[in-house]
Amino acid sequence: TLYLYGCKDIIEEWYSYIKIYTIQNDFRMNYDFIKLTGKGAHAKVYKVYCKRDNQIYAVKVFKKKNINNKFGLFKEIQILRQLQHKNVIRLNEVYENAKHLYLILDYLAGGELLSAISQTEVYSETVVQELIQNLLIALDYIHQNKILHRDIKPQNLLLRSLNNITDLVIADFGLSDEYNCKGEYIFQKCGTIGYIAPEILRNEIYDYKVDIFSVGVIMFMLLTDSSPFDGKNTDEVITNNFYCKINFEQLTKSKISTHAYDFVKLLLEQNPNLRPTAQEALKHDWFYLPKMETLQFFSLSLKNIPLFNIKKRPQLQQILISQ
Ligand code: ADP
Ligand code: MG
């Protein structure tokens, strides 16, 4: 049961769609703001203190007058209610008052994966492997529940703590939807340039594989300290992304294992039929390299340790294609 507090215009409209308890209550009565922790395209997120249970939470605040896609927000709540997984953000309560809508989420103290990787100098291939594995396990769960995320990127992957970048949580289901091969809604053009699967940009019919492509982009970034579609300007990034023109030279330069090279190439396969599902991807040899082999690989290439410096990575240009 999800408790929705302060039933007013928006929530009331949804009341017939979702089974919920609506209780007259005020967000400010139960929570104190601590600080702003993030800002996205649609909402502001704050760290808050809950006076009822003395716990820390995050609240995603939507200004009602800025909500131009009520149905999208309804979807976000509806989808978050269904998902219960340690690597997926948990929605606890929803509040509404005259001007705002508040989603009470678990607070992820480590912040965005993007800022973590920008602050740390080096990661080994083993760390990247664990991170990508956790991401694929969570995506497999989401996809098994017939949900597409559609905006997988390092800004939407949150960390429990800064000490461990592999312990991540998938957040921001603002562009997600249920997979319905007959529905038109699913084929909307949305996502973030630089991470988006080419079939979405090309207005083709698409499915769960779009999220796998974005995992490929993240893995590429982690291994090479650069992004696969980088260009001089936004247009160039869009063109590279559209034609799936990947800068493979960066991969060759970064001295990664053959298995890692093959795997990232597979995830970034432009034909979705040849790209693996999350479940198939999890069976790739890269995850099952015997430990010795990994150790050997590291010790053999001491001069060119497969480490990389994210600090030098140029900021990826991002455009959000709204629904
Ligand atoms: P938008 O849909 O506007 O992109 P997000 O859900 O992605 O909103 O949240 C925006 C930012 O707020 C995130 O990129 C992250 O930095 C921060 N944030 C979101 N949820 C949490 C959370 N549960 N704990 C900590 N920070 C969060
Ligand atoms: Mg976001």
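Any read-out appearing in this document is the output of simple, stated calculations on the displayed coordinates, not a laboratory observation. Quick caveat: nothing in here was measured; it's all calculated off a predicted structure. So basically every Cβ, Gly included, is an ideal-geometry build from the backbone, and we count neighbours across all protein chains shown.
Some points to look at:
- Using a Förster distance of 35 Å, the FRET efficiency for Glu204-Arg52 (Cβ separation, nearest 0.05): 0.15
- Modelled this way, with points 7 Å down the Cα-to-C-beta line, the labels at Leu282 and Gln119 are 3.0 nm from one another.
- Sorted peptide list for 192-203, 150-161, 270-281, criterion being average Cβ within 10 angstrom, highest first: 150-161, 192-203, 270-281
- Counting every alpha-carbon pair across the stretch 153-212, the share separated by more than 20 Å comes to 35%.
- Here Lys153 is the anchor, and the aspartates and glutamates within straight C-alpha reach of less than 12 Å, apart from those fewer than 8 places off in the same chain, are Glu112, Asp172, Asp211.
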